[in-house]
1. For region 435-463, which positions are more than 14 Å from GLY41 (Cβ to Cβ), surrounded by 19 or more Cβ atoms within 10 Å (Cβ to Cβ) and without any contact (Cβ under 8 Å) to a residue 60 or more places away in the chain?
2. Is it fair to say ALA252 is of a type in the set (Gly, Ala, Ser) and either open to solvent by 60 Å² or more (accessible area, probe 1.4 Å) or modelled with pLDDT of 95 or more (or both)?
3. Please find, among THR218, THR214, the residue that is within 23 Å of GLY333 (Cβ to Cβ) and either open to solvent by less than 10 Å² (accessible area, probe 1.4 Å) or not polar (S, T, N, Q) (or both).
4. If I ask for residues that are at pLDDT below 95 and of a type in the set (A, V, I, L, M), which ones from region 189-224 would you list?
5. Looking only at region 314-368, filter to residues that are open to solvent by 50 Å² or more (accessible area, probe 1.4 Å) and under 18 Å from GLY223 (Cβ atoms); which one of those is modelled with the highest pLDDT?
6. Among LEU292, LEU277, which is within 30 Å of LEU398 (Cα to Cα), without any contact (Cβ under 8 Å) to a residue 12 or more places away in the chain, open to solvent by less than 40 Å² (accessible area, probe 1.4 Å) and within 26 Å of the chain's Cα centre (by Cα)?
7. Which one of THR68, THR79 is touching a residue at least 24 places away in the same chain (Cβ under 8 Å), within 30 Å of LYS294 (Cα to Cα), β-branched (Val, Ile, Thr) and in contact with a His (Cβ under 7 Å, 6 or more places away or on another chain)?
8. Taking region 403-440, which residues are of a type outside the set (Gly, Ala, Ser), in contact with a strand residue (DSSP E or B) (Cβ under 6 Å, 6 or more places away or on another chain) and more than 18 Å from ASP22 (Cβ to Cβ)?
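The values are calculated or read from the model by the stated rules, or taken from the named source; none is laboratory data. Everything numeric here is computed off the predicted structure, so don't read it as measured data. Here the Cβ is made from the backbone with ideal geometry for all residues, glycine too, and neighbour counts use every protein chain on show. These accessible areas exclude ligands, DNA and RNA; they are computed on the full protein's heavy atoms, side chains included. Shrake-Rupley method; radii C 1.70, N 1.55, O 1.52, S 1.80 Å.
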Amino acid sequence: MSTAHPPNPTAEPAPTPDRPLDLAGVGIGPFNLSLAALAHGVPALRTAFYEQRPAFHWHPGLLIDGATIQVPFLADLVTLADPGSPWTFLHYLKAHERLFPFYVAERFHIERAEYDAYCRWVSEQLPALHFGHRVDAVRWDHEHDLFEIDVTRPGPAGDEEGQSPSRVHARNLVLGVGTEPYVPEPLRPLAEAPNVPVLHSSDYLEHRERLLATGHVTVIGSGQSGAEVFLDLLRNRPLGAEGLHWLARTPAFAPMEYSKLGLEQFSPDYTRYFHTLPEPVRDQLVPRQWQLYKGIAHETIDAIHHELYRRALHSDGWPGAVLTPGVTVRTAGRIAAARLELHLEHTQQGTRARHTTEAVVLATGYRERRVDTLLAALDPYIRRDASERPRVEADHRLVLDPVIKGSVYVQNAERHTHGVGTPDLGLAAWRSAVILNSLLTEPAYRLPSRTAFTAFGLQPSGRCDTVIGGPHLPDQRGTLARTRT
């Protein structure tokens, strides 16, 4: 499915009921970007992806100097489905004449800033991507058996009066709207109040200089983002006057599970196994696997300890940094113009204390972005589980009422059905290929039938080279006949 050189973007006629898209994407993050890149190599598919932001950016507030992504560079947008694609990370290096320096550097994990630059390089060349386009609503057109998608293109400089609304028609839809920063309820009033120094780590770089000049800063959250923010502040604050506190709910500042067999839980084999488990079992399993996705890289833990030891060695006594796991924030408020007070509870001790600080960085993760308004017209047709979450089939399609002939796919919104690998960049290309294969009569990308040495259950969980969901796209952009399972 590879092409020799990335093509130049070309204009496409507007999708109409007579000539609809085969697949319309909402949102352009890494996962829909992966899907767009692999779809570009399938001439039978007509696709378009819409994003309200003016350009691609990946967690810009956390592109801390030296911070690396937690997956190998092979977990780029396409390689694990199509290593010969023109959109691989190695092609990006070659295009920028950095292939030999990268070879000599022997780096398996690349910096976040370089991953972001790579994704932007891909996004600037794919003709199916439409930035600066906001999707307002989606509905099902029963007359034409198509999705109707209302799209608005803002006017110059975001001028609402100059907005240009349009309507797009598509046989199928994929939601890749991503996640949004999560702020715990006790801290939400402070985070939402103006001029209060309580911010999410996703905005860290924007406020970094102000935080470095603040007398005391508290970081909350034990994952990789919290560790990176804490380390960056620690390295750049005065020796002997660090003024840092790091709090976490987890019982320890624990390393990420990075053993080779442990990592097989981020394989397609495990994803298929997890999907076959009963709903109550899945719900109990995910929280127990927190070290798979909430742990800290060994290198970051080592760097933090080294910096603390160095400061203890070169100052008179222990550094002014306190690390306390096993703590929850019960309530929070302001006690003075420049002071914040957190009411803490230690889970194991059963003790409580008041903690004062001047600024708080919340490295408290992300939650799936709500699409209730966007999908309001489709809500009556979406089948839900016992917890009112959408049911998602093995090929990442929402389970819909059979009256809807098209499919709605989701990306990074199915952890409750597909497990901890859902937000993992390493499964992006595989999931994209599964989605594309499910649309076609013949698979566009042949995927391996086995991907892990571990057999996760006593019964097989299905084969990946079988096209899940049946054939859906006849000859070269012909009429799509949808068959539901």
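1. Once the filter is applied, which keeps residues that are more than 14 Å from GLY41 (Cβ to Cβ), surrounded by 19 or more Cβ atoms within 10 Å (Cβ to Cβ) and without any contact (Cβ under 8 Å) to a residue 60 or more places away in the chain, region 435-463 yields only SER438.
2. On the way: of a type in the set (Gly, Ala, Ser): yes; either open to solvent by 60 Å² or more (accessible area, probe 1.4 Å) or modelled with pLDDT of 95 or more (or both): no.
It is false that ALA252 is of a type in the set (Gly, Ala, Ser) and either open to solvent by 60 Å² or more (accessible area, probe 1.4 Å) or modelled with pLDDT of 95 or more (or both).
3. THR218
4. Result: ALA193, VAL196.
5. LEU323
6. Values: LEU292 fails: without any contact (Cβ under 8 Å) to a residue 12 or more places away in the chain.
One residue alone meets the criteria, LEU277.
7. THR68
8. Matches in region 403-440: GLU414, THR417.
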